[in-house]
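One structure is given here, and the rest of the page talks about it.
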Amino acid sequence: MEAMKGSRKTNTAKSTILALGKAFPPQIVMQDLLVQWFFKNTNCDDPQLREKLTRLCKTTTVKTRYVVMTEEILNKYPELTVEGLPKLKQRLEICNSAVTQMAIEASQNCLQKWGRPYSDITHLVYVSSSEARFPGGDLYLAKGLGLRPDVRRVSIFFSGCSGGGAGLRVAKDIAENNPGSRILLATSETTMLGFRPPSVDRAYDLVGAALFGDGAGAIIIGSNPIQEVEKPLFELHIAMQHSLPGTEKIVDGRLTEEGISFTLDRQLPQIIEDNIEEFCNKLMQEVGFNQEEYNKLFWAVHPGGPAILNRLEKRLNLEGDKLCASRRALADFGNASSNTIVYVLEYLLEENEKMKREGKRNPDEWGLILAFGPGVTFEGILTRAVIS
């Protein structure tokens with residue numbers, strides 16, 4: 001097949017991921033201890049809610065997560081654990097500062113791996129669903145990194161879990177339409193906007209408590225990588241976005257005086273399963289793959305939760321290791337919204353290096369980056385791994 005022929009030399013016309021980075025807040029929560037930590041710090045002793053959260057913590061497959069929330073924050077803002085009090089102002093004081101700091105640290109980690117001067121960054125794409133202010137976090141990130149005053153900034157707010165894919169799509173377009181450009185894509189998220197005490201009237205909030213985590217990610221994207229200076233990792237070939245009509249309420253979030261009110265409909269995994277084949281096939285056919293060749297690809301799927309991964313795996317009849325990077329990211333970091341696709345890509349690189357060392361088989365050349373968010377919106381990129 002034409003798509004599989006030839007060497008893996010870089011296609012200089014295509015935008016390419018040149019470096020990846022990540023950062024987290026200092027507080028790590030072990031899933032086994034989450035129930036005790038959560039109920040203690042929210043002054044709740046409801047045995048039924050405790051039992052439900054205990055059960056959810058097991059089904060999410062999450063093992064560890066990083067969170068901005070600390071006992072020091074709760075001591076400073078005790079109203080965060082009181083039902084019905086207006087506290088959006090307090091939450092934003094915490095969130096705006098936290099997401100900026102995490103974005104700076106993730107970007108510094110990424111830029112260090114890239115190895116070129118910060119002044120070579122021409123564009124900044126900033127993604128977050130965890131802040132509300134203007135100027136936005138893009139300007140504070142640029143200032144914190146010391147980027148040039150003429151760096152061109154684009155912000156993507158409140159795209160939820162599809163934000164990382166949307167950011168890659170936008171950065172791809174910028175790179176391929178601005179010769180010589182180098183784009184820093186930064187994502188940063190915290191669950192602080194939605195942190196609430198458990199309530200029988202909002203039993204669904206416990207799903208978020210058991211699943212979501214905080215952190216930041218960063219990616220450098222550009223075309224025509226400079227030999228001996230930059231290391232190409234993944235080429236970004238075809239990017240698509242598709243929103244499913246009539247699904248606006250399936251993933252729903254609203255800012256209120258108490259923070260963000262967020263719900264995920266139980267239909268979401270089924271909706272994704274019902275529509276995933278058509279979406280993937282449109283991306284794959286661009287290089288001659290058909291639906292019988294899913295297992296010839298690598299899969300970088302945003303791990304919205306185990307049910308989504310399980311249904312996608314079953315519908316596409318994927319081999320058992322195809323979603324390994326996604327499952328690892330979910331276990332180690334939880335669903336960290338837009339950031340998580342960065343963690344999945346890093347784990348894919350680790351797996352590729354392991355395959356090369358062990359000589360078991362060559363890593364897959366072509367793959368798909370997928371994320372799902374409010375809308376319901378699908379983000380997808382047909383991607384080619386560049387093996388040096």
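The values are calculated or read from the model by the stated rules, or taken from the named source; none is laboratory data. As the structure is a computational prediction, the values presented were derived from the model and not from experiment. When we count neighbours, we look across all protein chains shown, and the Cβ atoms used for this are built from the backbone with ideal geometry, even at glycine.
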Quick one: GLU286 ticks every box in (1) in contact with a His (Cβ under 9 Å, 6 or more places away or on another chain); (2) at pLDDT 95 or above; (3) exposed (fewer than 15 other Cβ atoms within 10 Å of the Cβ) except a single one, so which number is it?
(2)
Going through the stretch 183-193 one residue at a time, which ones are at pLDDT 95 or above and either of a type in the set (A, V, I, L, M, F, W, C) or surrounded by fewer than 20 Cβ atoms within 10 Å (Cβ to Cβ) (or both)?
ILE183, LEU184, LEU185, ALA186
Restricted to the stretch 76-106, and to residues that are charged (D, E, K, R) and assigned to a helix (DSSP H, G or I), which residue is modelled with the highest pLDDT?
GLU105
Say whether the condition of being in contact with a Lys or Arg (Cβ under 6 Å, 6 or more places away or on another chain) and not assigned by TED's automatic domain parsing to the domain that holds GLU189 is met by at least one residue in the stretch 309-319.
no
The condition from (1) over 23 Å from ASP205 (Cα atoms); (2) touching a strand residue (DSSP E or B) at 6+ places or on another chain (Cβ under 8 Å) that ASN224 misses is numbered (2)
Please return the ranges of helices (runs of 4 or more DSSP H) entirely within the stretch 286-388 where 2 or more residues are among the hydroxyl-bearing types (Ser, Thr, Tyr).
340-358
Within the stretch 345-362, does at least one residue satisfy the condition of being touching a strand residue (DSSP E or B) at 6+ places or on another chain (Cβ under 8 Å), closer than 25 Å to ILE250 by Cα and crowded, with 24+ Cβ neighbours inside 10 Å?
no
For SER119, state whether it is on the phi < 0 side of the Ramachandran plot, touching a Leu at 6+ places or on another chain (Cβ under 8 Å) and surrounded by fewer than 14 Cβ atoms within 10 Å (Cβ to Cβ).
yes
Go through (1) surrounded by fewer than 16 Cβ atoms within 10 Å (Cβ to Cβ); (2) modelled with pLDDT of 95 or more and name the single condition SER129 misses.
(1)
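This table checks each residue for (1) of a type in the set (Asp, Glu); (2) at positive phi; (3) part of a helix (DSSP H, G or I); (4) under 13 Å from the mean Cα position of the chain (by Cα).
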residue: ALA132; (1), (2), (3), (4): no, no, no, no
residue: PRO135; (1), (2), (3), (4): no, no, no, no
residue: LEU141; (1), (2), (3), (4): no, no, yes, no
residue: GLY144; (1), (2), (3), (4): no, no, yes, no
residue: LEU147; (1), (2), (3), (4): no, no, no, no
residue: ASP150; (1), (2), (3), (4): yes, no, no, no
residue: VAL154; (1), (2), (3), (4): no, no, no, no
residue: SER162; (1), (2), (3), (4): no, no, yes, yes
residue: ILE174; (1), (2), (3), (4): no, no, yes, no
